[in-house]
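Following: one structure in structure tokens, then a few remarks.
The values are calculated or read from the model by the stated rules, or taken from the named source; none is laboratory data. In this text, all values refer to a predicted model and were calculated from it rather than measured experimentally. We place every Cβ from the backbone using ideal geometry, glycine too, and count neighbours over all the protein chains shown. When the accessible area is computed, the model is the full protein with side chains, heavy atoms only, and any ligands, DNA or RNA have been set aside. Shrake-Rupley method; radii C 1.70, N 1.55, O 1.52, S 1.80 Å.
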Amino acid sequence: MISSSDASAGIAAVVVTYRSADTIDDCLARLRAADGVDAIRVVDNNSDDGTLEIVQRHASSDARVRFIANPDNPGFGMACNQGARDVEAGVQWLAFVNPDCMVERDTLSRLRALAAHQGEALLGADLVDDGGVRDGAARRRDPDFGAMLSAALGGTPAPKLELPIDDTRALQQVEAVSGALMLMPRALFERLHGFDEGYRLHAEDLDLSRRARESGALVAVANHVRVLHVRGVSSRSRPFFVEWHKHRGLWRYYRKFEAPRRSAGMSAAVFAAIWLRFPVAYLKAKARR
């Protein structure tokens, strides 16, 4: 089944940066060399480390590269929506690419070819670190808040969000893919009204994946399209900020998708479990730093 987006139509890559000077030069060089990329939009969330100067250099030598410099940091989802809105009419595919993701020349065109034969599809890639270790966040299930609550009360540990890898499938259907790299038809993104801007950082990819599924689109990982993901270059410098918004995002996700069918007591308990977990997660993140 061929989707409404042509398998050869142009791709717009949207990159959101914040203190991304360590990786953005390589990221943009690779996107500029990638097959099928007609536009590159970089939205910078008030970096103070030289990121914008690197982006300006790319923009001055390639008309496909344009940037939006935000005077503050409005969050990942809002910045993605800004970049997508800036893309010219007629570009049928959107790829959201983290500044620490290093695509190969054929990465996005291969994802486009796979997606174009699936009706409407939101696809992720097989993310690996620089040691070749595959990232479990590329294939996830929806959060199980009941299991999380049970674990917080001393019960059986909650199942991990990561799903097992099934390499027998070129496209492995999952409940959620990682926001580090997503490709989808522009028409689907616009029908979903883009990312939920109520999230500041983290969980917006879970949210978009769930809304895509509920709209009838396929959400899947291209197991044979491998992409290097350096991971968390800017996040490591601000563990409190990251963990705060990660937990805030989980609570927003719960209120949006789960709370309407849960009791008030259950919701209060989930709220407590999420925020009691926060200091532990912060201390672990700080120690890793």
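Looking only at the range 153-201, filter to residues that are in a loop (DSSP other than H, G, I, E, B) and basic (K, R); which one of those is most open to solvent (accessible area, probe 1.4 Å)? Write out each step before concluding.
As a first pass, look at the range 153-201 and keep what is in a loop (DSSP other than H, G, I, E, B): 153-161, 163-170, 174-175, 177-180, 192-201.
Subsequent filtering for residues that are basic (K, R) retains 160, 169, 200.
Details: K160: 152, R169: 132, R200: 70 Å².
The residue in question is K160.
Of L192, L181, L171, which residue is farther than 28 Å from T17 by Cα and in contact with a helix residue (DSSP H, G or I) (Cβ under 9 Å, 6 or more places away or on another chain)? Result: L171 is the single residue among L192, L181, L171 that is farther than 28 Å from T17 by Cα and in contact with a helix residue (DSSP H, G or I) (Cβ under 9 Å, 6 or more places away or on another chain). D126 meets the conditions (1) in a strand (DSSP E or B); (2) buried (at least 23 other Cβ atoms within 10 Å of the Cβ); (3) not small (G, A, S) in every case but one. The failed one is (2). Quick check, is D142 in a loop (DSSP other than H, G, I, E, B), open to solvent by 50 Å² or more (accessible area, probe 1.4 Å) and either of a type outside the set (S, T, Y) or on the phi > 0 side of the Ramachandran plot (or both)? No, not satisfied.
A single entry from S263, S267 fulfils the requirement of being farther than 24 Å from G124 by Cβ and open to solvent by 30 Å² or more (accessible area, probe 1.4 Å): S263. Restricting attention to the range 23-55, the residues that are acidic (D, E), surrounded by fewer than 17 Cβ atoms within 10 Å (Cβ to Cβ) and either out of contact with any helix residue (DSSP H, G or I) (no Cβ under 8 Å at 6 or more places or on another chain) or assigned to a strand (DSSP E or B) (or both) total 5. Can you spot a residue in the range 99-108 that is among the acidic types (D, E), under 21 Å from L28 (Cα atoms) and open to solvent by less than 30 Å² (accessible area, probe 1.4 Å)? So far as the range 99-108 goes, yes, one or more of its residues are among the acidic types (D, E), under 21 Å from L28 (Cα atoms) and open to solvent by less than 30 Å² (accessible area, probe 1.4 Å). Of all residues in the range 73-109, those that are part of a strand (DSSP E or B), in contact with a helix residue (DSSP H, G or I) (Cβ under 6 Å, 6 or more places away or on another chain) and closer than 22 Å to T23 by Cβ total 4. Residue pairs whose Cβ atoms lie under 6 Å apart, sitting 6 or more positions apart in sequence or on different chains, and linking a residue in the range 80-94 that is more than 16 Å from L183 (Cα to Cα) to a partner that is at pLDDT 95 or above, are Q82/V43; Q82/I68; D86/R41.
Among the residues of the range 162-206, write down those that are of a type in the set (D, E) and closer than 28 Å to A89 by Cα. If the condition is that a residue be of a type in the set (D, E) and closer than 28 Å to A89 by Cα, then E190, D196, E197, E204, D205 are the ones that fit. Beta carbons closer than 6 Å, at least 6 apart along the sequence or on distinct chains, pair a first residue in the range 16-45 that is aromatic (F, W, Y) with a second that is open to solvent by less than 10 Å² (accessible area, probe 1.4 Å) for Y18/N45.
Condition first: modelled with pLDDT of 95 or more and part of a loop (DSSP other than H, G, I, E, B). Now tell me which residues in the range 209-233 satisfy that.
Going residue by residue through the range 209-233, those that are modelled with pLDDT of 95 or more are 209-229.
S215, G216, A217, listed by residue number.
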